[in-house]
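Below: one structure, written as structure tokens.
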Amino acid sequence: MSKHPLLVRDVLKRKHFESAKLIAGQQGLNRQVLWTHILEIKNFDTLINGGELILTTGVGLQLERETQIAYLQNLIRNGAAALCIEIGDYFDYVPVELVAMANAHDFPIIIFEEVVRFIDITQDLHTYIINQHQQALTQLDAISKTFMELSLMPNGIFKILQVLYQDTDALFLFVSEDTKSFYYPIEAKKYLQLLEDHCQQLELQEPLQLLSIDNDHFVIIPVNGLGQVWGYLCMHSVLPKPSDYTLLNLERATMSIAQILMRNRMLQERKQSREDEFILSLIQGQPIDFQYYQSFLPMESRNLFYRVIVFTILDYADTFTEEDWQEIQLQNVMFVRSILKKLGFFPTVSVRQHEIIILAFYIAADDMEKNRDPFNQAIKQIIARKTPHLFEQITLTFGISNVYQSINSVHQGYKEAKTTIQMQHNELASSIYFKDLGVYRLLLHQDHVALLQYVKDYLQEILLIDQKNGNDLYQTLCVYLACNGAKNDTAEQLFIVRQTLYKRIERLENIFGADFLQAPHRLNIEIAVKAYDLLKKTAPDILRF
């Protein structure tokens, strides 16, 4: 391990290589040399681990060409750093086939045209490598203390990136979905979008990833906390693979960044508690000290509107402890807040045991009632989230209120969103918007007894016929109305022949009158159908005819 790894190009500058010649693998001079090894046998697969500078007199290579080619192939396959051959009694020249193969794999071949003492080369390089290792340990200890100190300072993540840059002369970025991203120096900004897009696709269990795009190489290490990935520390590297020293340095940096994020998280929890209190007071219609809670609201504007978004969370795993579930919900809130901000909203968010409540403020020329795209995008992104514990294996149901401007209408918006969710649970609506509930918006405010009487006035006769004879008059009525009186479509949806349909329609006309498809008769019947469907879900016990 070394702060500045020993490369093949560095080896060529050592005293014992003054007379050496590089005859192949010019593009591989940045290969790292971890150790040296004198290798005079053909079968060595178990003897090298990778990164070795191989020294040989060629005593085992003076045989047929196939043996020489196989020897070089094995070195390349096992990750050797380079091959040094002493030209002499055992090996008088390097065949062009070996040179071509080495060039094809950027594998350096170095020759000595005079006798050299391999023991001197080995001693020199091993001493250098060991000394560098000791220095690296000392430097790692010092920089770790620096990281710890910076983690306690304001803007600590940015300062840690500065120290990393000063230590390695590489470009550094910290990428996060939930918090602000950082980069240093300014040249690193051009890679920010690329890395943000890439990190969104990463599998969380990957402890380290090496990414190469064109001639740019990146090291990506996750920053973990509380069993979750909070972001990624990214380094733009000259080398496809960084040194062990650099990797250890990055690991220590990620630990300090995690401490910063943990502390920020604790502050966020305290802020979230106040935000929960604020929204709870609003939805309960309690008086509010707006000066105390002003930090949760955007600046007042005549073009400022909001909707109340509620989504309920069901079926979460029973294995979660209360503490774990609170942590998961906080993760959910941070994620939701991040999505809404990216889409141009100013969100105020509250988390409860089974639901998340959002006041989604936005600036618009009008109330944006017709333009639901930003809301639809937000819901789509939340549903698409594929991260352990963040909405995975969880049933979500969304409800979105009408558009409001006055903050005093939050309690009304909350009721609307909750009503929309309840209608979805009852399978009476599929839309997540309260406005799309139609006539149910009126029926829900009616007394059950009054609704039942209305249903009896219009539907009791056909319901009793169905109960007594096992007919399907009610279903026929519903489909016939939905098909706007189109007999062919009605017969197809009911899977009956037209002759059977005609008989049922005749019975319906006898009950309702021949003009029952005309206003206002049709409107009365359709409202009765909706009321009956509503009572079946909300008050089935009173449905007696």
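The values are calculated or read from the model by the stated rules, or taken from the named source; none is laboratory data. Here the structure is a predicted model, which means the values were calculated and not measured. Heads up, the Cβs are rebuilt from the backbone with ideal geometry, glycines too, and the neighbour counts pull from every protein chain shown.
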**Complete:** Counting only residues that are surrounded by fewer than 19 Cβ atoms within 10 Å (Cβ to Cβ), not aliphatic (A, V, I, L, M) and not in a loop (DSSP other than H, G, I, E, B), region 168-196 contains a total of 5
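Table: residues versus (1) at negative phi; (2) among the polar types (S, T, N, Q); (3) part of a loop (DSSP other than H, G, I, E, B).
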site	(1), (2), (3)
L53	yes, no, no
Q68	yes, yes, no
Y71	yes, no, no
L83	yes, no, no
D89	yes, no, yes
**Message:** Can you confirm whether R65 is modelled with pLDDT of 90 or more, farther than 28 Å from Y245 by Cβ and loosely packed, with under 12 Cβ neighbours inside 10 Å?
**Reply:** no
**Complete:** E300 fails exactly one of (1) at pLDDT below 85; (2) farther than 18 Å from A360 by Cα; (3) of a type in the set (D, E), namely (2)
**Request:** Would you mind telling me which numbered condition in (1) in contact (Cβ under 8 Å) with a residue 40 or more places away in the chain; (2) assigned to a helix (DSSP H, G or I); (3) not aromatic (F, W, Y) T397 fails?
**Result:** (2)
**Request:** Filter region 440-457 for residues that are over 20 Å from N426 (Cα atoms) and surrounded by 12 or more Cβ atoms within 10 Å (Cβ to Cβ) and give the result.
**Result:** Q453, Y454, K456
**Prompt:** What residue, among those in region 189-221 that are at pLDDT 90 or above and touching a helix residue (DSSP H, G or I) at 6+ places or on another chain (Cβ under 8 Å), is nearest to M262 (Cα to Cα)?
**Reply:** I221
**Message:** Just to check your reading of the model, which residue among A482, A519 is over 22 Å from Q446 (Cβ atoms), assigned by TED's automatic domain parsing to the domain that holds V449, of a type in the set (A, V, I, L, M) and free of Cβ contacts under 8 Å to residues at least 60 places away in the same chain?
**Reply:** A482
**Request:** Considering each residue of region 306-336, count those that are closer than 23 Å to K180 by Cβ and either surrounded by fewer than 16 Cβ atoms within 10 Å (Cβ to Cβ) or at pLDDT below 85 (or both), and give that number.
**Result:** 9
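Matching residues to (1) among the charged types (D, E, K, R); (2) at pLDDT 90 or above; (3) over 30 Å from the mean Cα position of the chain (by Cα):
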| position | (1), (2), (3) |
| --- | --- |
| T387 | no, no, no |
| Y404 | no, yes, yes |
| Q412 | no, yes, yes |
| K418 | yes, yes, no |
**Item:** Filter result (on the phi > 0 side of the Ramachandran plot and either among the polar types (S, T, N, Q) or not assigned by TED's automatic domain parsing to the domain that holds T246 (or both)) within region 150-193
**Value:** N155
**Request:** Please identify the pairs in which a residue from region 97-111 that is surrounded by 15 or more Cβ atoms within 10 Å (Cβ to Cβ) has its Cβ atom under 7 Å from the Cβ atom of a residue that is of a type in the set (S, T, N, Q), counting only partners at least 6 apart or on another chain.
**Result:** L98/Q68; D106/Q27
**Message:** Restricting to region 125-166, give me the number of residues that are crowded, with 17+ Cβ neighbours inside 10 Å and either within 30 Å of N332 (Cα to Cα) or of a type in the set (D, E, K, R) (or both).
**Reply:** 8
**Message:** Could you check region 532-542 and list, in sequence order, the residues that are exposed (fewer than 14 other Cβ atoms within 10 Å of the Cβ) and either hydrophobic (A, V, I, L, M, F, W, C) or not in a helix (DSSP H, G or I) (or both)?
**Reply:** A539, I542
**Asked** Do we have A70 as farther than 23 Å from S237 by Cα and in contact with a strand residue (DSSP E or B) (Cβ under 6 Å, 6 or more places away or on another chain) here?
**Response** no
**Residue satisfying condition, being out of contact with any Ser or Thr (no Cβ under 8 Å at 6 or more places or on another chain), in a helix (DSSP H, G or I) and at pLDDT below 85, within set E269, E275** = E269
**Matching entry among T138, T146 (being free of Cβ contacts under 8 Å to residues at least 40 places away in the same chain and either touching a helix residue (DSSP H, G or I) at 6+ places or on another chain (Cβ under 8 Å) or more than 20 Å from M255 (Cα to Cα) (or both))** = T146
**Fill in**
Restricting attention to region 278-305, the residues that are assigned to a helix (DSSP H, G or I), loosely packed, with under 13 Cβ neighbours inside 10 Å and of a type outside the set (S, T, N, Q) number exactly 0
**Message:** If a residue must be free of Cβ contacts under 8 Å to residues at least 60 places away in the same chain and assigned to a helix (DSSP H, G or I), how many such residues does region 421-441 contain?
**Reply:** 8
**Request:** Filter region 9-40 down to the residues that are among the acidic types (D, E) and surrounded by fewer than 16 Cβ atoms within 10 Å (Cβ to Cβ), then identify the one that is farthest from T56 (Cα to Cα).
**Result:** E18
**Prompt:** If a residue has to be closer than 23 Å to Y165 by Cβ and either touching a strand residue (DSSP E or B) at 6+ places or on another chain (Cβ under 8 Å) or not in a helix (DSSP H, G or I) (or both) to count, how many in region 125-145 make the cut?
**Reply:** 0
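List the helices (runs of 4 or more DSSP H) inside region 464-531, counting only whole elements, that have at least 1 residues being over 23 Å from A429 (Cα atoms) and of a type in the set (K, R).
Of the helices (runs of 4 or more DSSP H) lying wholly inside region 464-531, those with at least 1 residues that are over 23 Å from A429 (Cα atoms) and of a type in the set (K, R) span 487-494, 498-512.
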**Request:** Scan region 123-136 and give yes if some residue there is in contact with an Asp or Glu (Cβ under 8 Å, 6 or more places away or on another chain) and at pLDDT 90 or above, otherwise no.
**Result:** no
